[in-house]
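Heads up: the structure comes next, in structure tokens.
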């Protein structure tokens, strides 16, 4: 990213061969330090600024490997390298901070949007359930009203039939009541056979159909 960085790191070394450390190189500590810096510059050149902060462990391992490959003849072994801090220019730091804040605001906006969406869904679902319940209640009310009307109609019909029976019984108890009843039955008898004759081509009649008086007497 063409950004100047300052890296603070710590090297952990162990002298494995004092003879090589004394005569294999003039200043082993300086040599190892220079090698670490060179390796760090090389590795940083391969990474973007964001990856530098994310891949510290990878940088540490690369430096340890590079030092150990070269320091065997010096009698020194690198045990560990740790990046303590990464310093960036103030302007870059401000830009990174702005980027972090923008990302934070973006996440907050997304979360707020999702919350609003969930709230709207919950409200809509609640309204839907309320409408369903109201519709079911209205339907039940209509059913109850219809059942009530039907029951009232049946009650009225039953009362009318009872009154008709009472009137018929009263009429039969009067003088000439039986004759009137016989006449009514005869009329119904004739009407019934007339209807049968119209509804079907085949009509089964009793043997004494012509004797209406006898049929009524039966």
*Scanning for something under 54 Å from the mean Cα position of the chain (by Cα), farther than 30 Å from residue 90 by Cβ and surrounded by 11 or more Cβ atoms within 10 Å (Cβ to Cβ), does the range 1-24 turn up at least one residue?*
no
*Single residue of the range 57-107 satisfying the filter (touching a helix residue (DSSP H, G or I) at 6+ places or on another chain (Cβ under 7 Å) and assigned to a strand (DSSP E or B)) that is surrounded by the fewest Cβ atoms within 10 Å (Cβ to Cβ)*: 80
*Would you mind finding the one in 132, 121, 83 that is within 30 Å of residue 26 (Cα to Cα) and either under 24 Å from the mean Cα position of the chain (by Cα) or at pLDDT 85 or above (or both)?*
83
*When the residues of the range 46-56 are filtered to those that are outside any helix (DSSP H, G or I) and free of Cβ contacts under 8 Å to residues at least 24 places away in the same chain, which remaining residue is surrounded by the fewest Cβ atoms within 10 Å (Cβ to Cβ)?*
46
*Say whether the condition of being farther than 18 Å from residue 5 by Cα, assigned by TED's automatic domain parsing to the domain that holds residue 12 and surrounded by fewer than 18 Cβ atoms within 10 Å (Cβ to Cβ) is met by at least one residue in the range 34-41.*
no
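The values are calculated or read from the model by the stated rules, or taken from the named source; none is laboratory data. Predicted model only: the values in this text are computed from it and were never measured. Quick reminder, even Gly has a Cβ in these numbers, built from the backbone with ideal geometry, and neighbours come from all protein chains shown.
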